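What follows is a short report on a single structure.
The values are calculated or read from the model by the stated rules, or taken from the named source; none is laboratory data. None of the values given here were measured: they were computed from a predicted structure. Note that each Cβ is placed from the backbone with ideal geometry, even for glycine, and that neighbours are counted across all protein chains shown. Remember, those area values only see protein heavy atoms, side chains included, never the ligands or the DNA or RNA. Shrake-Rupley method; radii C 1.70, N 1.55, O 1.52, S 1.80 Å.
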Amino acid sequence: WGLLLLAAALGVTAATRCPAPCICDNLRAHVLCLNGSLMAIPDTIPELTKKLDLRGNSLMVIPAGAFLAIPYLTHLDLQHCKVERLEEGAFRGLGRLVYLNLASNGIALLYQESLDGLSSLQQLILQGNRIEEIQPGAFGHLGSLTVLDLRANALVYLPDMVFQGLQVLRWLRLSHNFLHVLGSEAFAALPALRRLSLDHNELQTLPGEALARLDGAVRLDLGHNPITYVPEEALAMASLRHLVLDHASLQDVAPDAFARSPQLRMLDLRENQLQGLPPLAGAWGLARVSLDGNPLLCSCLLRPFHNWLARARVQAEGACAAPPALRGRSLDSLKPPEMRCSRLRPPSSPTTLPEQLRAASSRQCPRGCVCSPDFHHGSCENRDLQEIPRDFPGDTRLLDLRRNTFRTVPPDAFPGLKELVSLHLQSCSIQTLHPGALRGLESLVYLYLTDNHLSTLAAAAFEGAPQLAYLDLDHNAFTRVPTGAFRLLPNLISLHLQHNAIGELAEGDLAGARGLRWLYLGGNAIRHIAPAALAPTKMLEKLQLEGNHLAEVPTAALQGLPALSELKLSRNPITHMGDSAFLPVASSLQHLYLDNMGLEQISPHAFTGLGPKIRSLYLENNKMSNIPDMSNFMGLEILNLQDVPFHCDCQLLPLHRWINKLNLRVGATCGSPAEAQGLKVKLSTTFQTCPAWGRGEAGETNPNKTKAASKPSKKKRSKKPPARGFSKSRA
């Protein structure tokens, strides 16, 4: 009886502690706080909550111990919460959590203690962040994890043992990154892995050495990588049954390429550049080969492969591209006598690809530092050093020198480190990066110079580091973008210049940054962007300008950016938005942030050109009383209209109708007239007095109509499906 009384008391307590912006289902122990303006985790969430859904808020940072008050959580959804940083110990205390979704945020780094405390976690979703680097040990506390989703991030390099601790992981999803360097032991700690997805990356060779550690993997996805050749015994995966290598750049495959993968059953080679294949020796279990979309030359040169298909009873999918007499014929319809040669020379075999050199070194670690031969890491973090130490092992790949007082980085500061991939120089009081400072770092991909005192940079500072892809210069003293500094960085993908004192973006500032895809300029003092300032960055996908001093949308500067999918203008003093403000990027833009600007008026034609491609639109915390017609925005997944003082009169009736068709929580509230103040636009009855109310558009629910009269309306409505959204979370 005492336990029952205690449970009842706890139930009452939970029911009375539901945070104001949230909806609590105490019977199922669920709490929903969707698509709002929460800046922190509410501290009044019922203690017994098991499922917490915080999608679409503005949390930015998950601090240490953020969920200590709700230790019974099993499911936590933090999608689209603008999270940029997970502090060490952020999830400590959540020992019962089995599902954590952090998709579509702005997380850039995973540190060793970021995910501490999640001993029961089974699914971790990190898709659609901007994770550039994972430090080994970041997943060390996730011994129960079975699915890890890292799709659509910014990974270029996977160090050795990066997934250590994931003893029961079954599916690792790394698709849609920029991976082109994999440590030979990157997958060494994944004994239970069954499926690995590496498609849509930048791998130029098949990473056979790294994949050989995956004895139990049965499916490998490597499609959409620029791999040109599969060499001899390239894959030694004892359990592999399904290999996908579609839409690559394959020109040739060695005869015994798959001889060490005896269980291989399905081989997908669609949409490559193969003119033919040799008989695949050793692939005794192969049942099907797909060659659709290849320029197959069905001459006598293809006869050995064709004969092998028949002998091995392998089904082949594909059609001849030449000679003309056989064009379009399927492989299985060919007869050997038809496959003739007429003055044809065999295609030249590709040259054998050289093996990567290993520069292992037995030199001692510098005094006061720690070097890990297993991880190829060196660390001298927070050792009060005033000069950059030398004599690190030559195979060092990650070097952590944070929190020292170097003040300057001299020429040739890192001799003998040709394999170094990641260099951390945050919080080192650095004022000068001398020309030639990075000379010899020919493998360097990541350079972190955050929280220093840099005010200028010369292009020569990056001499000798041509592979540099991620450059972080946040929290320095730049008053302008260092003109021409990026000319020697042809592979630069991501540039961070947030929280400096930059006043304008001028023509020529980004000269040479032709491969740049993400540009972060938030938290500066930018008042003007020259029309041609962004012209060199034709591949730009994300442009973040939040927290600057722009008084208008930089429409002219957006010309010539055909790939731009995300534009963030939050917290700029833009009070009026004119016609066709986003027209130059209307065909590609998917995510648009216009929140917290003090926006008072939006032209009826401001969103001209935008429509079905837009997936998220943030307009919260502004001052306008109406917004333009957005009936064409049929692909919306997030629409935030909270804290906008809408005037709920007849002019707002189209918005009321449109919101009623959406399957989204938008948070739109009436600010006036007095009788409607505080009511949801969706539910306000003030619109029923409008002359057009009775002549509502198809699909509007009108309580004065008879059921018979409403039937045509329903039929008509079905022609225009509602915008996609979080239908299961609708409250």
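Annotations for the structure displayed:
- Condition check for residue 478: at pLDDT 95 or above, under 30 Å from residue 442 (Cβ atoms), part of a loop (DSSP other than H, G, I, E, B) and not β-branched (Val, Ile, Thr): yes
- Filtering the stretch 191-216 to residues that are of a type in the set (A, V, I, L, M), buried (at least 17 other Cβ atoms within 10 Å of the Cβ) and farther than 13 Å from residue 173 by Cβ leaves 203, 206, 210, 211, 212, 214.
Per-residue answers, yes or no, for (1) open to solvent by 40 Å² or more (accessible area, probe 1.4 Å); (2) of a type in the set (Ser, Thr, Tyr); (3) more than 34 Å from the chain's Cα centre (by Cα); (4) at pLDDT below 90:
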{"residue": "356", "(1), (2), (3), (4)": "yes, no, no, yes"}
{"residue": "363", "(1), (2), (3), (4)": "yes, no, yes, yes"}
{"residue": "375", "(1), (2), (3), (4)": "yes, no, no, yes"}
{"residue": "394", "(1), (2), (3), (4)": "no, no, no, no"}
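- Going through (1) open to solvent by 20 Å² or more (accessible area, probe 1.4 Å); (2) more than 25 Å from residue 564 (Cβ to Cβ) one by one, residue 441 falls short only on (1).
- When the stretch 92-123 is filtered for residues that are crowded, with 18+ Cβ neighbours inside 10 Å and either among the aromatic types (Phe, Trp, Tyr) or within 14 Å of the chain's Cα centre (by Cα) (or both), the ones remaining, listed by number, are 101, 102, 103, 104, 105, 106, 107, 108, 109, 110.
- Residue check for residue 301: of a type outside the set (Val, Ile, Thr) and modelled with pLDDT of 90 or more: no
- Checking each residue in the stretch 30-41 for being open to solvent by less than 20 Å² (accessible area, probe 1.4 Å) and modelled with pLDDT of 90 or more picks out 31, 33.
- Whichever residue in the stretch 151-190 is charged (D, E, K, R) and more than 13 Å from residue 213 (Cβ to Cβ) and, among such residues, is surrounded by the most Cβ atoms within 10 Å (Cβ to Cβ): 173
Conditions (1) of a type in the set (A, V, I, L, M); (2) assigned to a loop (DSSP other than H, G, I, E, B), marked per residue:
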{"position": "243", "(1), (2)": "yes, no"}
{"position": "250", "(1), (2)": "yes, yes"}
{"position": "255", "(1), (2)": "no, yes"}
{"position": "261", "(1), (2)": "no, yes"}
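- Residues within the stretch 653-679 that are at pLDDT 90 or above and surrounded by 22 or more Cβ atoms within 10 Å (Cβ to Cβ), tallied: 1
- Of all residues making up the stretch 629-652, the number that are part of a loop (DSSP other than H, G, I, E, B), open to solvent by 10 Å² or more (accessible area, probe 1.4 Å) and either charged (D, E, K, R) or within 22 Å of residue 573 (Cβ to Cβ) (or both): 5
- Within the stretch 531-549, the residues that satisfy the criterion of being more than 10 Å from residue 561 (Cα to Cα), under 22 Å from the mean Cα position of the chain (by Cα) and in a loop (DSSP other than H, G, I, E, B) are 545, 546.
- Residue within the stretch 405-412 that is buried (at least 23 other Cβ atoms within 10 Å of the Cβ) and in a loop (DSSP other than H, G, I, E, B) present: no
- Residue within the stretch 600-607 that is open to solvent by 10 Å² or more (accessible area, probe 1.4 Å), under 30 Å from residue 492 (Cα atoms) and part of a loop (DSSP other than H, G, I, E, B) present: no
- Selected residue (criterion: nearest to the chain's Cα centre (by Cα)) from residues of the stretch 42-53 that are surrounded by fewer than 23 Cβ atoms within 10 Å (Cβ to Cβ) and hydrophobic (A, V, I, L, M, F, W, C): 45
- For residue 541, the stated conditions hold: it is closer than 19 Å to residue 82 by Cα, of a type outside the set (Val, Ile, Thr) and open to solvent by 40 Å² or more (accessible area, probe 1.4 Å).
- Residue match in the stretch 198-215 (condition: part of a strand (DSSP E or B), hydrophobic (A, V, I, L, M, F, W, C) and out of contact with any helix residue (DSSP H, G or I) (no Cβ under 6 Å at 6 or more places or on another chain)): no
- Single residue of the stretch 683-716 satisfying the filter (crowded, with 16+ Cβ neighbours inside 10 Å and assigned to a loop (DSSP other than H, G, I, E, B)) that is modelled with the highest pLDDT: 690
- Residue in the stretch 422-435 that is outside any strand (DSSP E or B), at pLDDT below 90 and over 30 Å from residue 309 (Cα atoms) present: no
- Any hit, the stretch 223-230, residues being open to solvent by 10 Å² or more (accessible area, probe 1.4 Å), farther than 30 Å from residue 496 by Cα and modelled with pLDDT under 90: yes
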